[in-house]
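First the structure, in the form of structure tokens, and then the observations on it.
The values are calculated or read from the model by the stated rules, or taken from the named source; none is laboratory data. The shown structure was predicted, so the numbers you read here are calculated from the model rather than taken from an experiment. Please note: Cβ atoms are built from the backbone with ideal geometry, for glycine as well, and neighbour counts cover all protein chains shown. Surface areas here come from the heavy atoms of the whole protein model, side chains and all, with no ligands, DNA or RNA. Shrake-Rupley method; radii C 1.70, N 1.55, O 1.52, S 1.80 Å.
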Amino acid sequence: MTSIAQRLARLEAEGEINRTFFRFFELVDSRRYELIAPRCLAPDAQIEYRLPAPHSFNGRDEFTRYMVDKVAPRSQRVAHVLGQTVVEWRGDTPRLKARATVWHWYQQFADRGDLRPADWTTIGQVEDDFAFVDGSWLIARRLVTPVAGLVAAGSPPPSLPGPVAARPAHPGSAEAP
């Protein structure tokens with residue numbers, strides 16, 4: 001049986017985990033890509049996206065370079081709406097699971113106006129394992145998979161970045177053996 005102090009520590013950890021998770025998307029949506037790594041990602045974070053095409057990143061520096069060099073020039077803006085969020089513990093390792101509905105607007109269509117409908121919308125399942133690093137709960141491993149197909153509305157992205165080799169299924173995910 002866990003003590004009151006242990007339960008309180010877990011609740012405090014879950015609060016910080018949720019804040020880190022939401023901060024990540026707030027920074028993406030506000031295009032402050034350079035702040036994502038130090039505020040949200042463990043130094044050796046393993047990040048894998050299986051949409052729009054498989055791509056993965058080894059460490060937060062590689063992820064930041066991708067966001068600054070590949071995403072920023074193509075993206076006019078993006079908006080994330082997060083829901084169905086839960087933190088589950090496997091021993092001392094917390095995993096946050098959530099759904100993300102994501103609207104994308106691309107620079108190549110900017111001439112159509114700022115108030116146009118999104119160019120592409122998708123719904124993803126996000127699974128983040130967290131690690132306690134230097135006094136903060138940070139994302140150590142992320143897997144994003146499509147919930148129901150690639151496109152919820154609009155068309156697939158006009159051009160995709162070069163995919164990076166995908167890794168095996170995220171341990172503990174529905175796809176892991």
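Residues whose amide H lies under 5 Å from that of residue 45, counting only those 5 or more places away or on a different chain, are 59, 60; hydrogens are built 1.01 Å from N in the peptide plane. In the chain, the DSSP-assigned H stretches of four residues or longer account for a calculated mean residue ellipticity at 222 nm of -7000 deg cm²/dmol, using -39500 (n - 2.57) per stretch and the full residue count as denominator. For semi-axes √(5λ) of the Cα gyration tensor in Å, the value calculated from this model appears in (1) 22, 20, 16; (2) 37, 23, 15; (3) 30, 17, 16 under label (3).
Using a probe of 1.4 angstrom and keeping all protein chains present, the accessible surface of the chain works out to 53 square angstrom per residue. Karplus-derived 3J(HN,Hα) values for the range 68-73, using 6.51 cos²θ - 1.76 cosθ + 1.60 with θ = phi - 60°, are 6, 8, 10, 6, 3, x Hz; glycine and proline are entered as x.
Looking at 58, 40, 120, which one has the Cα that reaches farthest to the positive end of the dipole of the range 1-132 (charges on Cβ: Lys, Arg +1; Asp, Glu -1)? Value: 120.
For the pair residue 58 and residue 90, a Förster radius of 22 Å applied to the C-beta separation gives a FRET efficiency near 0.45, rounded to the nearest 0.05. Of the accessible area of the chain, computed with a 1.4 Å probe over protein heavy atoms only, carbon and sulfur atoms account for 55 percent.
The label point for residue 3 and the one for residue 77, both projected 7 Å from the Cα toward the Cβ, are 5.0 nm apart. Each residue of the range 8-18 was assigned a 3J(HN,Hα) from its phi angle through the Karplus expression (A = 6.51, B = -1.76, C = 1.60, θ = phi - 60°), giving 5, 4, 5, 5, 5, 4, 4, x, 5, 4, 4 Hz with x at Gly and Pro. Evaluated with a Cβ-only charge set (Lys, Arg +1; Asp, Glu -1), the range 1-115 carries a dipole of roughly 220 debye about its Cα centre, given to the nearest 20.
Taking a Cβ cut-off of under 12 Å around residue 95, the surrounding Lys, Arg, Asp and Glu residues balance to a net charge of -2, with basic ones at +1 and acidic ones at -1. Within the shell of other residues whose beta carbon sits under 13 angstrom from the beta carbon of residue 27, the net charge comes to +3, with Lys and Arg scored +1 and Asp and Glu -1. Projecting the Cα atoms of 11, 78, 143 onto the dipole axis of the chain, where Lys and Arg carry +1 and Asp and Glu carry -1 at the beta carbon, places 78 farthest toward the positive end. For residue 153, the residues 5 or more places off, or on other chains, whose built amide H falls under 5 Å of its own are 121. Is the range 62-131 rounded, prolate or oblate when judged by the Cα gyration tensor, a ≥ b ≥ c being the square roots of its eigenvalues, rounded requiring a/c under 1.5 and prolate requiring a/b larger than b/c? Oblate shape, in that a/c is at least 1.5 and b/c is the bigger or equal ratio.
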